[in-house]
1. Against the definition (within 17 Å of the chain's Cα centre (by Cα), under 27 Å from Ile54 (Cβ atoms) and not in a strand (DSSP E or B)), how does Pro140 come out, yes or no?
2. Could you tell me which residue of region 99-137 is nearest to Ala35 (Cα to Cα), considering only residues that are among the hydrophobic types (A, V, I, L, M, F, W, C) and assigned to a strand (DSSP E or B)?
3. Restricting the search to region 140-184, which residues are among the β-branched types (Val, Ile, Thr) and open to solvent by less than 10 Å² (accessible area, probe 1.4 Å)?
4. Is it the case that region 28-44 has a residue that's modelled with pLDDT of 95 or more, farther than 26 Å from Ala233 by Cα and surrounded by 19 or more Cβ atoms within 10 Å (Cβ to Cβ)?
5. For region 198-226, which residues satisfy the criterion of being of a type in the set (Gly, Ala, Ser), touching a helix residue (DSSP H, G or I) at 6+ places or on another chain (Cβ under 6 Å), surrounded by fewer than 21 Cβ atoms within 10 Å (Cβ to Cβ) and assigned to a strand (DSSP E or B)?
6. Can you go through Ala124, Ala98 and tell me which one is farther than 26 Å from Gly209 by Cβ, among the aliphatic types (A, V, I, L, M) and surrounded by fewer than 16 Cβ atoms within 10 Å (Cβ to Cβ)?
7. Please name all residue pairs, on different chains or six or more residues apart, with Cβ atoms under 6 Å, provided the first residue is in region 59-86 and is under 18 Å from Val166 (Cα atoms) and the second residue is among the aromatic types (Phe, Trp, Tyr).
8. Is it the case that some residue within region 24-38 is within 24 Å of Trp133 (Cα to Cα) and among the charged types (D, E, K, R)?
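The values are calculated or read from the model by the stated rules, or taken from the named source; none is laboratory data. Note that the structure is predicted; figures quoted are calculated from it, not measured. Quick reminder, even Gly has a Cβ in these numbers, built from the backbone with ideal geometry, and neighbours come from all protein chains shown. For the accessible areas, the whole protein counts, side chains as well, though only heavy atoms, and no ligand, DNA or RNA atoms are used. Shrake-Rupley method; radii C 1.70, N 1.55, O 1.52, S 1.80 Å.
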Amino acid sequence: MKVIGLQYDIAWEEKPANFAKVENLLAKAQPEAGALVVLPEMFATGFSMNTEKIAEQYSGETEQFLSRTAKTFGVYLVGGAAMRAKDGRVRNKALLFAPSGELAAFYAKMRPFTLGGEADHYTAGEKTAAFSWQDCTISPFVCYDLRFPELFRQAASARRPELFVVIANWPEKRIAHWVRLLQARAIENQAYVIGVNRIGTDPHYVYSGRSLIADFNGDIVADAGGAEGSISAELDLGTLRRYREGLPFLNDLRLPS
């Protein structure tokens with residue numbers, strides 16, 4: 001089971017340019033059929049508070065792109081986007097499209113980045129999510145969620161995910177936290193974690209990448225560094241499951257009432 005992350009410099013609020021970038025990087029990565037491919041948070045616009053410009057109704061151009069691209073390459077494709085509901089509220093979402101081109105799952109960011117003004121423009125999600133990818137259970141999160149281990153514990157208690165997906169626009173000045181927190185979430189939840197970040201700049205922040213994949217011991221098995229490109233790893237679910245059986249810590253998980 002192969003998981004792939006694409007790291008690149010997101011063109012600010014320029015969806016066609018970012019669609020083309022993703023297609024180019026995905027073609028270079030040559031994913032096998034059924035692979036899981038992960039794009040950054042707000043992959044087509046950057047981390048923008050300009051919801052009047054970038055937010056879309058469902059079945060808009062970003063969803064159409066993700067659907068078409070997943071079908072063309074025969075992969076499961078995760079990407080982040082600003083989505084506007086029928087009530088007008090906007091949420092920062094992770095969207096998963098299957099190789100059939102159908103929307104298979106979604107998750108709304110539960111912890112908007114207050115320091116960056118996100119809470120003033122985006123409505124927080126209310127619950128964790130999990131979905132099946134082949135024989136693997138996956139739980140997605142978005143950027144600032146990573147600082148809140150209780151969210152990951154909620155997902156672990158409900159569904160025992162074997163892979164956590166974290167999509168982000170995580171600034172360079174706190175990149176050491178990004179790496180350590182991804183490793184911590186992997187260790188404490190006995191799971192693989194893929195964190196996909198961006199590089200480059202936007203009007204507010206500088207980004208240095210460090211998209212990575214960590215295993216259930218917290219060991220980094222793939223690291224993109226600061227360059228544009230892709231990372232990938234084969235997930236060994238058999239070894240992970242034997243590890244959990246030998247050290248069944250999750251059975252003692254108790255969430256506060």
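1. no
2. Per the stated criteria, the residue is Trp133.
3. Val142, Val165, Val166, Ile167, listed by residue number.
4. no
5. Ser208
6. Matching residue, one of Ala124, Ala98: Ala124.
7. Leu66/Phe97; Tyr76/Trp133; Leu77/Phe97; Gly79/Phe43; Gly80/Phe43
8. Yes, that holds for at least one residue.
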